[in-house]
Amino acid sequence: MTTKTATDLIYTAANAARILGKRFSNLVIEIWANVVYLHGSKISRFVSKTAFKQMFVEFRKAGAKALTVTANLFVPNTYKVRNETKGTAYDVLIIDRHITCGCEDYTAQYDAMGKGVCKHGYAVLNHLGYNCLADYLRA
Ligand SMILES: [Zn+2]
């Protein structure tokens, strides 16, 4: 298979290795109907799709803790999310019960699923006192 889908871009071996650790850098990820098959020289394992996606969610939530959120006082529901260490900043907007961001991760999720929450989005949710998008939407 040569065509990369947006889902491939989210659940890449590079991203999985960032989460699991460098020793899994040669990981091959096969996304099947209900399971994900992870294999490489250090691992050969099936995990549920849900568990695999949750791993990425937890990774984004952990990444969100290092970010600084500033509300834009002049534009409602708009936030500047900074990574002081990397010197990067993204604008996060809450529009129609969606939390949008300009970063690559959000764009890949949106292209794949029509929705998504990146670590910048989780940082804004934390700033507002919520743990996840579902909690925010329920409130
Ligand atoms: Zn983002």
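A short reminder: the numbers here are calculations on the coordinates, not readings from a lab. None of these values were measured; they are calculated from a predicted model. Note that we place each Cβ from the backbone using ideal geometry, even for glycine, and neighbour counts take in every protein chain shown.
Considering the range 59-138, what Rg and Dmax in Å follow from its alpha-carbon atoms?
11.6, 33
Between the helical axis of 49-64 and the dominant principal axis of the chain, each derived from Cα atoms, what acute angle in degrees is found, rounded to the nearest 10?
Taking the Cα atoms of the chain, the angle to 49-64 is about 40 degrees.
Please sort 35-48, 79-92 by packing, taking for each peptide the average over its residues of neighbouring beta carbons within 10 angstrom, highest first.
Ranking the peptides 35-48, 79-92 by packing returns 79-92, 35-48.
Using Cα-only point scatterers and the Debye equation, what is log10 of I(q)/I(0) for the chain at each q in 0.19 Å⁻¹, rounded to two decimals?
-1.14
Just to confirm the number: angle between the C-alpha axis of helix 104-113 and the first principal axis of the chain, 0 to 90 degrees, nearest 10?
It is inclined by approximately 70 degrees.
For the chain, set up a GNM with springs between Cα atoms under 10 Å and report which of LEU93, LEU73, LEU27 has the largest fluctuation.
Maximum fluctuation in the GNM of the chain, among the listed residues, is at LEU73.
Which percentage, to the nearest 5, of the DSSP beta bridges contained in the chain is antiparallel?
Of the beta bridges lying entirely in the chain, close to 100 percent run antiparallel.
In the range 59-138, if the dipole is taken from +1 on Lys/Arg beta carbons and -1 on Asp/Glu beta carbons about the Cα centre, which of ALA71, MET113, GLY102 is farthest to the positive end?
ALA71
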